[in-house]
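Participant: Once you've had a glance at the structure underneath, I'll fire off some questions.
Every number here is computed from the coordinates shown, using simple stated rules; none is lab data. Predicted model only: the values in this text are computed from it and were never measured.
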Amino acid sequence: MTRNFSDFLRNARLNKNAESKDFSLRKVAARAELEPSYLSKIERGTEAPPSEDKIKALAIDLEIEPDVLLAMAGKVSKELQDIIIKRPMLFGEMLRELKQMPDRAILKIVREVRDGEW
């Protein structure tokens, strides 16, 4: 089980609940279409993270970037998987190279690709 995911999810929900009582375990579970007992087990780390769709629903509800919550759960979105599958060797090599780079260097690359300045 992904302890970091369960702790991160629980803390995010509790922080939101401190701001607004609309983020009780029962209310968040209902909006994500999960049973409250199941969400409780996920938050305690006794159940594995749910499906991609449920993780995305939780992320949106808790105002967390879905890819971040998926990564915390040890998952990659279907969308990103499809992108990687098209060029697995290139993306594998690129990710290995990026592993040691500082965030500012990665952000520079992202901006260059996004802005078309290459």
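Participant: Consider all pairwise Cα distances in the chain and report the whole-number % of them above 24 Å.
Facilitator: 38
Participant: Taking amide H positions as placed in the peptide plane 1.01 Å from N, state which residues far from residue 47 in sequence (5 or more) or on other chains have amide H under 5 Å from it.
Facilitator: Close amide H contacts, sequence-distant or interchain: 42.
Participant: Please determine, in degrees from 0 to 90 and to the nearest 10, the orientation of helix 52-62 with respect to the longest principal axis defined by the Cα atoms of the chain, where the helix direction is its Cα long axis.
Facilitator: Result, in degrees: 70.
Participant: What pairs in 41/99; 56/86; 41/86; 21/108; 16/41 have C-alpha atoms more than 30 Å from each other?
Facilitator: 41/99; 41/86; 21/108
Participant: A further question follows. To the nearest 10 degrees, how steeply does helix 3-19 sit against the main Cα axis of the chain, on a 0 to 90 scale?
Facilitator: Once rounded, one gets 60 degrees.
Participant: Roughly speaking, what is the stretch gain from residue 68 to residue 100, that is 0.36 nm per residue apart minus the C-alpha to C-alpha distance, in nm to one decimal? Each step should come with its number before you reach the end.
Facilitator: Values: separation 32, 0.36 × 32 = 11.52 nm, distance 1.91 nm.
Stretched fully, the residue 68-residue 100 segment lengthens by 9.6 nm.
Participant: Output ³J(HN,Hα) for segment 86-91: one whole-Hz value per residue in order, computed from phi by the Karplus curve 6.51 cos²θ - 1.76 cosθ + 1.60 with θ = phi - 60°, and x for Gly and Pro.
Facilitator: 5, 9, x, 5, 5, 5
Participant: Right, next: What is the Å³ per residue value for the convex hull set by the Cα atoms of segment 57-113?
Facilitator: Dividing the Cα hull volume of segment 57-113 by its residue count gives 114 Å³.
Participant: Run the helix sum for the chain: -39,500 (n - 2.57) per DSSP H stretch of 4+ residues, divided by residue count, reported at 222 nm to the nearest 500 deg cm²/dmol.
Facilitator: That comes out to -21000 deg cm²/dmol.
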